[in-house]
1. Could you figure out which of (1) in a helix (DSSP H, G or I); (2) among the hydrophobic types (A, V, I, L, M, F, W, C); (3) in contact with an Asp or Glu (Cβ under 6 Å, 6 or more places away or on another chain) isn't true of L162?
2. Under the condition of being among the aliphatic types (A, V, I, L, M) and closer than 23 Å to Q73 by Cβ, which residue from region 240-265 is farthest from the chain's Cα centre (by Cα)?
3. Given the conditions (1) touching an Asp or Glu at 6+ places or on another chain (Cβ under 6 Å); (2) modelled with pLDDT under 90; (3) not β-branched (V, I, T), which single one is not true for R134?
4. Please work out which residue is surrounded by the most Cβ atoms within 10 Å (Cβ to Cβ), limiting yourself to region 176-208 and to residues that are of a type in the set (V, I, T) and at pLDDT 80 or above.
5. Looking at (1) part of a helix (DSSP H, G or I); (2) within 23 Å of the chain's Cα centre (by Cα); (3) among the hydrophobic types (A, V, I, L, M, F, W, C); (4) at pLDDT below 90, which is the one condition that is false for M214?
6. Could you check R167 against (1) more than 15 Å from the chain's Cα centre (by Cα); (2) part of a helix (DSSP H, G or I); (3) modelled with pLDDT of 90 or more and say which number it fails?
7. Determine the pairs where a residue that is on the phi > 0 side of the Ramachandran plot and at pLDDT 90 or above, located within region 229-244, has a partner that is polar (S, T, N, Q) and part of a strand (DSSP E or B) with Cβ atoms under 7 Å apart, the partner being 6 or more residues away or on another chain.
8. Hey, does region 54-66 have a residue that's modelled with pLDDT of 90 or more, under 17 Å from V110 (Cα atoms), of a type outside the set (D, E) and in a helix (DSSP H, G or I)?
Amino acid sequence: MTQPKQPNQPVIPNDARNRLLRMRGGGDVKPLFTSDLSVNEFLLVKEAGFDPLGMVVGSSIYHVGFQYANMMQNQELGVLTQAMYSARELAMTRMEEEADTLGADGIVGVRLDVGRYQWGENLAEFIAIGTAVRSRDGVSHRTPAGKPFTSDLNGQDFRTLLASGYRPLALTMGSCVYHVGVQSLRQWFSQTVGQNIEMANYTQALYDARELAMGRMQAEAEGIGADGIVGTRIVESSHGWDTHVIEFFSIGTAVVQTRADHQIATPQMVLNLND
């Protein structure tokens, strides 16, 4: 199954656009930035040659449908996989459009969250948040497609990545919602009573699901011409579904090298003088 793509959607609301335009300043209005970076991250991003422009947000409240699964069978639930991926893409696209409004080169410190509310049993809010930044060197650092780069690296890692001869391209993702087949009591007892044994059915199910998620993330990185992916994480969650239904979500920052030598500054000894 290839990872689904969501068509372009109406984007950020007018109130958000007006707020972002005010932040850019102009006339008698002084520019004002907002950021969810820590003080250390803020200063390191500045040291790396980028100025924070504003905190940008994208949101999508999505109805996650139902898919029937054979209780005894290991299988991917394609309808749910598509829902989880498309909802995140909508949130990411709207966050990128906010960055576009600010004239940003990219977004650092991106985090993706999923929240559920009591007023909607099958509804989930997918939200993407990060800090839009712009380079002071006057050179575009956008993706080959002309979009702001996205990265979940913190300020420290972002600075180190740039200093060592790489730059971020995009936050790449892979999702797989998988049903882990249930074993009958007869199978369970015949395999487990009185012996140590691998539960091959469960091992294979989880292995397959993780590989699907990882492969889709890798395909995204290959599609944008990345050299590799850093900071990869695999997050597993049931999102309130049946206990045998799990989403495997793989995420990381795709990077490309900017020079052949990759020198890292020599560590220096630091003495704590507070004690």
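The values are calculated or read from the model by the stated rules, or taken from the named source; none is laboratory data. Source: prediction; values computed, not measured. Cβ: placed from backbone, ideal geometry, glycine included. Neighbour counts: every protein chain shown.
1. Answer for L162: the failing condition is (3).
2. Of the residues in region 240-265, the ones among the aliphatic types (A, V, I, L, M) are 245-246, 251, 254-256, 260, 264-265.
Adding the requirement that they be closer than 23 Å to Q73 by Cβ leaves 245-246.
Working: V245: 21, I246: 18 Å.
Top of the filtered list is V245.
3. (2)
4. The selected residue is V177.
5. Only one criterion is unmet by M214, namely (4).
6. Condition not satisfied by R167: (2).
7. G231/T253
8. Checked region 54-66: no residue is modelled with pLDDT of 90 or more, under 17 Å from V110 (Cα atoms), of a type outside the set (D, E) and in a helix (DSSP H, G or I).
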